[in-house]
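Remarks on the structure that follows.
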Amino acid sequence: MSRPTPTLLQPIVIDGGRIVDPANGVDRIGRLLIIEGRIAELDPCDGDCPGDAYWIDAQQRVVAPGLVDLGAELRQPGREEDETIQTGSNAALAGGFTSVLCCSNTNPVIDSAAAVELVTQIAQRLGGVRVYPIGCLSKGREAAQMAELAILAEAGAIGFSDSPRAMPNDALLKRALDYCRMLDLPIFDRPEVPGLAEGGIMHDGQVSLVLGLKGLPTEAEDLAVARDVRLAEATKGRLHVGPVSTMGAIDMIGRVKSRGVPISASVCPQNLHGSDALLRSFDSRFKVHPPMRSPAHVESLQQAVADGTIDAIQSGHMPRAREKKGNDLDLAPFGAATLETTLAATLTDMIRTDILSWSRAIECLSTNPARIAKLDAGTLGKGAPADVTLIDPDAAWTVRPSEFLSRCQSSPMEDRELFGRVTHTIVGGRLLFVRVEESTAVV
């Protein structure tokens, strides 16, 4: 840090930035006043700003509601060699995220009230990004018996999922969708048919054939999406499908949405840019899940985000320790650190190429994820919690995973030049992250 930071809940004035708030139809230069952890006023005059306020000069910056991630693996408890809630929180703040939904694949898994409360208590004690646990859909994530969803919800679970493990039990998923109508909480399903995907390393296509690597066929995702959306239509349960990666999935999601079925879907930034050709290097940093598909799928995914078929962009953060990702491609696990690059990758590949407007991008990264998870977030409206991200849209930087705040240092974006960096992240009126001239500080 090279300059003072505000004291706890000191009023903050963010002045002169481009305020982008899709929830309220705002996209203009303005001023934002934060008092006692909430948005107090948009465009207050000088006389309305407290004399003891901390001023942030936001000229040439985009001021957006804090980003919301629909599913990141924080790995704690039990898998701290990959990530901890502390390091994951730091990475999220550096990436502009103020709220993160935590996946259930910890050890022990999040299938009990005690597990939900443990994750929540650790996150609250650390005082960083807002962490919302996703409870297991099935006991032990074994897809045999439905978890005690009402008890998990009462303990604070924001939704239910066995992700990144697929749900092969059709009857269990249908019962859960029915049951969750009573709880008014979503089910997040990672669509994949395990029998078709077993042993797959990369997208099943011409490149995998040439390389002699077992493929992950698009049919494995397409069939799972077809089942998911049909069960959601039949039960009227709240379903989020994703992240998705295939043209077939997009087609089915679009068709069922056209019939008014209230499902939602998401995609990862690496699937909006990288293709399976990157695996020609046999580099495990490109072994991600869902896998990078062919260029035709990438183009279709980009269009689906632009036209609203896909609602949200999520990080797909699956951190794995260096010694795990250092294995040969066939032995290395799927996964990568993506919390710190999601925003910049979206800006570089979608905004600067005129596929998305700034308003649509923030809608996909903040407003829609908050709506899907039913969080009090994703808006800069008066009275809303002051979760705010400031972005320098023209900052060019080269991705160096060794500089990540995440414990994982594997990234499919490594050595890419990206545009856009978070300069400030504010959570509940507290300035928790500042970037000054290539240095960073988590307060």
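The values are calculated or read from the model by the stated rules, or taken from the named source; none is laboratory data. Quantities reported herein were computed from a predicted structural model and do not represent experimental measurements. Note: ideal-geometry Cβ built from the backbone for every residue, glycine included; neighbour counts use all protein chains shown.
Looking only at segment 159-170, how many residues end up being assigned to a loop (DSSP other than H, G, I, E, B) and either free of Cβ contacts under 8 Å to residues at least 24 places away in the same chain or surrounded by 22 or more Cβ atoms within 10 Å (Cβ to Cβ) (or both)?
5
Just one of Phe286, Phe282 is surrounded by fewer than 20 Cβ atoms within 10 Å (Cβ to Cβ), of a type in the set (A, V, I, L, M, F, W, C) and within 27 Å of Leu331 (Cβ to Cβ); which is it?
Every option except Phe282 fails the conditions.
State the number of residues belonging to segment 366-398 that are in contact with a Pro (Cβ under 9 Å, 6 or more places away or on another chain) and within 19 Å of Ser315 (Cα to Cα). Adding up the residues that qualify gives 13.
For every residue, the table says whether it meets (1) more than 16 Å from Thr120 (Cα to Cα); (2) outside any loop (DSSP other than H, G, I, E, B); (3) in contact (Cβ under 8 Å) with a residue 24 or more places away in the chain; (4) assigned by TED's automatic domain parsing to the domain that holds Cys408.
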{"position": "Gln59", "(1), (2), (3), (4)": "yes, no, yes, yes"}
{"position": "Gly71", "(1), (2), (3), (4)": "no, yes, yes, no"}
{"position": "Arg75", "(1), (2), (3), (4)": "no, no, yes, no"}
{"position": "Gly78", "(1), (2), (3), (4)": "no, no, yes, no"}
{"position": "Glu81", "(1), (2), (3), (4)": "yes, no, yes, no"}
{"position": "Gly88", "(1), (2), (3), (4)": "no, yes, yes, no"}
{"position": "Ala91", "(1), (2), (3), (4)": "yes, yes, yes, no"}
{"position": "Val100", "(1), (2), (3), (4)": "no, yes, yes, no"}
{"position": "Asn105", "(1), (2), (3), (4)": "no, no, yes, no"}
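Just one of the listed residues (Arg400, Arg360) is in the same structural domain as Phe97 (by TED's automatic domain parsing), of a type outside the set (Asp, Glu) and surrounded by fewer than 21 Cβ atoms within 10 Å (Cβ to Cβ), and it is Arg360.
A quick yes/no check of all residues on (1) buried (at least 20 other Cβ atoms within 10 Å of the Cβ); (2) part of a loop (DSSP other than H, G, I, E, B); (3) at pLDDT below 95:
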{"residue": "Gly260", "(1), (2), (3)": "no, yes, yes"}
{"residue": "Ala265", "(1), (2), (3)": "yes, no, no"}
{"residue": "Pro290", "(1), (2), (3)": "yes, yes, no"}
{"residue": "Glu299", "(1), (2), (3)": "no, no, no"}
{"residue": "Gln303", "(1), (2), (3)": "no, no, no"}
{"residue": "Ser315", "(1), (2), (3)": "yes, yes, no"}
{"residue": "Arg320", "(1), (2), (3)": "yes, yes, no"}
{"residue": "Asp328", "(1), (2), (3)": "no, yes, yes"}
{"residue": "Glu340", "(1), (2), (3)": "yes, yes, no"}
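Criterion applied to Ala332, Ala345, Ala373 was being surrounded by 24 or more Cβ atoms within 10 Å (Cβ to Cβ), among the aliphatic types (A, V, I, L, M) and over 26 Å from Gly156 (Cβ atoms), and the one residue passing it is Ala345. Residues that are within 22 Å of Gln86 (Cβ to Cβ) and either in a strand (DSSP E or B) or of a type in the set (Lys, Arg) (or both) within segment 389-418 comprise Thr389, Arg400, Arg407, listed in sequence order.
Checked against the criterion of being closer than 26 Å to Gly242 by Cα, of a type in the set (Ser, Thr, Tyr) and assigned by TED's automatic domain parsing to the domain that holds Ser264, the candidates Thr379, Thr353, Thr389 yield just one match: Thr353. Summed over segment 363-384, the residues that are touching a residue at least 12 places away in the same chain (Cβ under 8 Å) and either under 14 Å from Gly420 (Cα atoms) or outside any helix (DSSP H, G or I) (or both) give a count of 10. Of all residues assigned to segment 71-84, at least one qualifies as being in contact with a Leu (Cβ under 7 Å, 6 or more places away or on another chain), crowded, with 24+ Cβ neighbours inside 10 Å and of a type in the set (A, V, I, L, M). For the condition assigned to a helix (DSSP H, G or I) and modelled with pLDDT of 95 or more, Arg360 qualifies. Of all residue pairs spaced 6 or more apart or on separate chains, none has beta-carbon atoms under 7 Å together with a first member in segment 115-126 that is crowded, with 17+ Cβ neighbours inside 10 Å and a second member that is of a type in the set (Asp, Glu) and not in a helix (DSSP H, G or I).
Screening the candidates Glu117, Glu154 for the property of being touching a Gly at 6+ places or on another chain (Cβ under 9 Å), acidic (Asp, Glu) and part of a helix (DSSP H, G or I) yields one hit, Glu117. The condition of being out of contact with any strand residue (DSSP E or B) (no Cβ under 9 Å at 6 or more places or on another chain) and modelled with pLDDT of 95 or more holds for only one of Arg371, Arg407, Arg421, Arg352, that being Arg407.
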